[in-house]
Amino acid sequence: MSLASTEAATEIIAAERSDSYASTARVERLLARFHQIRNFTNVLCLGLEPEDYVVQSMPDVSPTKWHLAHTTWFFETFILKKFLPGYRAEVPEYAYLFNSYYNAAGDMHRRDLRGLISRPTVKEAQRYRASIDSHIDALLSDIDEKLLDQVEPILVLGIHHEQQHQELLTTDIKHVFAQNPLYPVFRKPKISAESSAIPPQRFIEFEQATVAIGHDGRGFAYDNEGPRHQALVPAFSLASRPVTNGEYIAFIEDNGYTRSEFWLSLGWMTVNEQRWQAPLYWTKRDGAWWNFTLSGFRPVNKSEPVTHVSYFEADAYANWAGVRLPTEFEWERAASECTIEGNFAESEIFHPRSVAVASAVSADRPAQNQHLHQIFGDVWEWTRSAYSPYPGYRVAPGALGEYNGKFMCNQYVLRGGSCATSRSHMRRTYRNFFQPEKRWQFTGIRLARDPQ
Ligand SMILES: [Fe+2]
């Protein structure tokens with residue numbers, strides 16, 4: 001072949017490559033996002049000692065080390081094993097150890113025994129993360145457009161999955177530290193322990209309307225946020241801010257925990273069995289309420305939103321107050337015009353902000369947001385809506401179809417995100433869900449009522 005024809009052939013190959021190879025900008029954007037989120041997991045672990053990574057303080061809690069490895073397993077199982085030619089797992093047993101609940105991906109280790117796993121060590125789990133990250137780099141550095149079209153949605157799902165586990169890692173380590181009489185500090189306090197003047201709770205009225213509920217398909221969303229559909233939302237009012245610790249103490253002092261008339265039957269059973277007398281992490285000392293926070297043990301601040309309450313407690317509080325919890329449709333309608341901003345994980349406070357401070361800050365926001373304070377961030381807000389499929393919802397085939405659909409039973413929807421949720425993980429249509437007795441997430445209360 002002559003020099004000229006070699007050059008021509010090279011040009012043809014280059015032209016074909018530029019047609020079929022994924023654009024550098026697209027790959028770089030995706031990889032930058034991937035590494036940014038993976039790195040935030042490492043940021044959360046700053047200050048933890050190897051001993052902290054292994055404890056499982058109750059079956060709902062997973063050890064930090066397990067979160068590190070399981071989020072990594074997700075990328076290995078659903079991307080590398082499927083799309084990287086010749087990929088072989090360095091430790092095949094991790095497939096069993098770090099599968100959470102995906103039956104279609106094979107057998108799995110028992111969830112309640114995760115704290116018994118001293119091996120792999122923390123160092124080995126970190127090495128596993130680094131190894132999978134470099135394989136993802138390798139896969140994406142040499143990928144054609146068609147393959148990237150297949151890989152990208154799963155990679156983005158994996159990124160959001162990791163963000164969900166970042167929140168769990170935070171709430172799980174809080175539960176672990178709370179068991180320790182030394183009350184370890186996860187982050188130095190960034191917020192004042194002083195109670196400040198609390199703005200009055202007002203009720204914002206909404207007229208009856210038929211509104212679009214669910215994600216509109218622009219950008220990422222979980223499958224449970226769709227299909228978008230029309231829903232009739234009768235007239236209602238929504239509280240201007242979350243319920244505070246001070247208000248919740250009034251419920252406690254009015255014997256709220258011992259008066260059956262406020263409680264659902266299942267809630268009343270739970271309260272008595274568990275001997276609940278206050279939110280999780282609260283203790284009474286010398287006549288005053290104290291609570292364990294990620295910044296240590298400290299007096300309850302009356303101007304902060306109450307948190308670590310179950311659905312049962314939220315519902316009982318609303319009954320005591322003579323009102324109710326909102327439906328998820330009312331919540332989504334009210335939040336549809338609010339800016340998604342607030343106290344999220346990125347601020348690294350990891351505790352709800354006082355309603356006085358938040359209201360002062362939000363006075364600078366656009367007019368439509370001034371009525372509803374702290375609707376995003378701080379605390380997840382329990383709704384009275386059972387977690388069930390929207391009209392037309394279909395579970396996707398395969399293992400990833402197990403992500404959301406199979407949990408649509410015996411759980412309630414929560415909205416708005418918390419101080420442990422990442423801002424970049426939040427959407428107005430986001431549906432979180434937990435069983436009604438769970439309290440270890442940053443869960444709180446916003447009241448609603450029917451027209452007067
Ligand atoms: Fe997971």
Selection status of Pro397, outside any helix (DSSP H, G or I) and surrounded by fewer than 24 Cβ atoms within 10 Å (Cβ to Cβ): yes
Cross-chain or 6+ apart pairs with Cβ under 6 Å, region 149-168 first and closer than 19 Å to Phe350 by Cα, then within 11 Å of the ligand (Cβ to nearest atom) and not small (Gly, Ala, Ser): Glu162/Thr71; His165/His67; His165/Thr71
Criterion violated by Pro85 - all others in (1) at pLDDT below 95; (2) farther than 24 Å from Gln56 by Cα; (3) touching a helix residue (DSSP H, G or I) at 6+ places or on another chain (Cβ under 7 Å) satisfied: (3)
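Restricting to region 51-74, what's the tally of residues that are away from the ligand (no atom under 16 Å from the Cβ) and not in a helix (DSSP H, G or I)?
Within region 51-74, the subset away from the ligand (no atom under 16 Å from the Cβ) is 51-55, 57-58.
After this cut, where a residue has to be not in a helix (DSSP H, G or I) as well, the list is 54-55, 57-58.
Within region 51-74, residues that are away from the ligand (no atom under 16 Å from the Cβ) and not in a helix (DSSP H, G or I) number 4.
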Ser422 being within 13 Å of the chain's Cα centre (by Cα) and surrounded by fewer than 20 Cβ atoms within 10 Å (Cβ to Cβ): yes
Qualifying residue in region 171-187 (condition: within 16 Å of the ligand (Cβ to nearest atom) and of a type outside the set (A, V, I, L, M)): yes
Phe75 vs. criteria crowded, with 19+ Cβ neighbours inside 10 Å, in contact (Cβ under 8 Å) with a residue 40 or more places away in the chain and out of contact with any Ser or Thr (no Cβ under 8 Å at 6 or more places or on another chain): yes
Leu168 vs. criteria crowded, with 16+ Cβ neighbours inside 10 Å, within 16 Å of the ligand (Cβ to nearest atom) and closer than 29 Å to Val243 by Cα: yes
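Name the residue, out of Arg218, Arg241, Arg259, that is of a type outside the set (A, V, I, L, M, F, W, C) and in contact with a Pro (Cβ under 8 Å, 6 or more places away or on another chain).
Arg241
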Every residue from region 89-108 that is without any contact (Cβ under 8 Å) to a residue 60 or more places away in the chain, over 20 Å from the mean Cα position of the chain (by Cα) and surrounded by 17 or more Cβ atoms within 10 Å (Cβ to Cβ): Tyr94, Ala95, Leu97
Residue selected from region 181-231 under the condition of a type in the set (Phe, Trp, Tyr) and farther than 23 Å from Ser424 by Cβ, by the criterion surrounded by the fewest Cβ atoms within 10 Å (Cβ to Cβ): Tyr183
Region 105-122 - residue that is away from the ligand (no atom under 14 Å from the Cβ) and touching a helix residue (DSSP H, G or I) at 6+ places or on another chain (Cβ under 8 Å) and, of those, nearest to Gly401 (Cα to Cα): Gly106
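Would you be able to tell me the number of residues in region 402-429 that are in contact with a strand residue (DSSP E or B) (Cβ under 7 Å, 6 or more places away or on another chain), more than 17 Å from Gly214 (Cα to Cα) and part of a loop (DSSP other than H, G, I, E, B)?
2
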Residue that is farthest from the ligand (Cβ to nearest atom), among those in region 80-104 that are assigned to a helix (DSSP H, G or I) and under 19 Å from Ile136 (Cα atoms): Phe83
Checking Thr77 against (1) outside any helix (DSSP H, G or I); (2) farther than 18 Å from Ile173 by Cβ; (3) polar (S, T, N, Q), the condition it does not meet: (1)
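The values are calculated or read from the model by the stated rules, or taken from the named source; none is laboratory data. Computed from a predicted model, the values in this text were never measured in an experiment. We place every Cβ from the backbone using ideal geometry, glycine too, and count neighbours over all the protein chains shown.
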